[in-house]
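Have a look at the structure below, then the notes.
The values are calculated or read from the model by the stated rules, or taken from the named source; none is laboratory data. Because the structure is predicted, anything quoted here is derived from the model rather than measured. In this analysis, Cβ positions are derived from the backbone assuming ideal geometry, glycine residues included, and neighbour counts consider all displayed protein chains. Areas reflect the complete protein model, heavy atoms only, side chains present, ligands, DNA and RNA absent. Shrake-Rupley method; radii C 1.70, N 1.55, O 1.52, S 1.80 Å.
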Amino acid sequence: MIYLLEDDDSIRKLVIYTLESQGYRAEGFARPSAFWRAMDTNMPELILLDIMLPEEDGLSILRRLRSSGTTKNLPVIMLTAKNTEYDRVIGLDNGADDFISKPFGMMEMVARVRAVLRRTHPAEENAAEFSIGELYVCPEKHIVRVSGNDVPLTHKEFELLCLLLDSRGRVLTRDVIMDKIWDSDFDRENRTVDVHVRTLRSKLGEAGAYIETVRGVGYKIGDDK
């Protein structure tokens, strides 16, 4: 989950729409009071934080986040119309992970989000086990079984399957999959993701049907499987 604290309605709606179109879950807030209430119930993976806000300015919010043991390492990207070196230094000195000046392009924003998430949430094998119908996966032991029979997968195929299982119910775009499994500089015009999904489905046999194609978007394993 990504939280956006931005009082400009048009910017907030556009940023949330863009993030969700790229496979992220996102929620926007116009006022710090609503943001803090949400923080009490659900901790995000990253915060996009405007500086000029009603009720409480973004730098004050950043200081509060960094002073708390539960949020001191939470990634924060500052969004602001201010573009002087002094403002950047103040934001970074107070613990911001990155700084984007308005106006900014949506794809630039998404690229910054991906970069910060890669830096602060390095890929790890999930120790949880997954059991869906005939499919059993244990990431910690690198085990994949269908109907009790072991299924040998390549490293990338295994990572792809675990990513889809860990994001169960969410549609992951090809760009999101590329960023999490392949190098960010990998050629995005080729069919790497599609080829790996096709091969993975074939190796999983009957359980391959659990991997759904969402036309024009990407892939998912549904909640109802």
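Would you please list the contacts, defined by Cβ atoms under 6 Å and residues six or more apart or on different chains, that run from a residue in segment 1-21 that is closer than 18 Å to Pro54 by Cα to a residue that is open to solvent by less than 30 Å² (accessible area, probe 1.4 Å) and in a helix (DSSP H, G or I)?
Leu4/Val15; Leu5/Phe35
Somewhere in segment 35-45, is a residue touching a residue at least 60 places away in the same chain (Cβ under 8 Å) and either of a type in the set (D, E, K, R) or under 16 Å from Arg114 (Cα atoms) (or both)?
Yes: one or more hits.
Output yes when any residue across segment 182-196 is over 22 Å from His142 (Cβ atoms), at pLDDT below 95, touching a strand residue (DSSP E or B) at 6+ places or on another chain (Cβ under 8 Å) and polar (S, T, N, Q), and no when none is.
no
Confirm whether Leu79 is in contact (Cβ under 8 Å) with a residue 40 or more places away in the chain and either open to solvent by 50 Å² or more (accessible area, probe 1.4 Å) or in contact with a Phe, Trp or Tyr (Cβ under 7 Å, 6 or more places away or on another chain) (or both).
For Leu79, the condition - in contact (Cβ under 8 Å) with a residue 40 or more places away in the chain and either open to solvent by 50 Å² or more (accessible area, probe 1.4 Å) or in contact with a Phe, Trp or Tyr (Cβ under 7 Å, 6 or more places away or on another chain) (or both) - is not met.
Which ones in segment 134-148 are closer than 12 Å to Leu165 by Cβ and either open to solvent by less than 20 Å² (accessible area, probe 1.4 Å) or small (Gly, Ala, Ser) (or both)?
Leu135, Val137, Cys138, Pro139, Val144
To keep it simple, each residue is scored yes or no on (1) closer than 27 Å to Ser167 by Cβ; (2) of a type outside the set (Asp, Glu); (3) in contact with a His (Cβ under 9 Å, 6 or more places away or on another chain).
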position: Arg37; (1), (2), (3): yes, yes, no
position: Asp40; (1), (2), (3): yes, no, no
position: Glu45; (1), (2), (3): yes, no, yes
position: Ser60; (1), (2), (3): no, yes, no
position: Arg64; (1), (2), (3): no, yes, no
position: Val76; (1), (2), (3): yes, yes, no
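Select from segment 152-172 the residues that are open to solvent by 40 Å² or more (accessible area, probe 1.4 Å) and not acidic (Asp, Glu) and write down the one among them that is modelled with the lowest pLDDT.
His155
Do you know which of the residues in segment 203-225 that are within 19 Å of Gly148 (Cβ to Cβ) and modelled with pLDDT of 90 or more is surrounded by the most Cβ atoms within 10 Å (Cβ to Cβ)?
Ranking the candidates gives Ala207 first.
Can you find, within segment 46-75, the residue that is nearest to the chain's Cα centre (by Cα) among those that are among the hydroxyl-bearing types (Ser, Thr, Tyr) and more than 20 Å from Ala115 (Cα to Cα)?
Looking at the filtered set, the residue picked out is Thr70.
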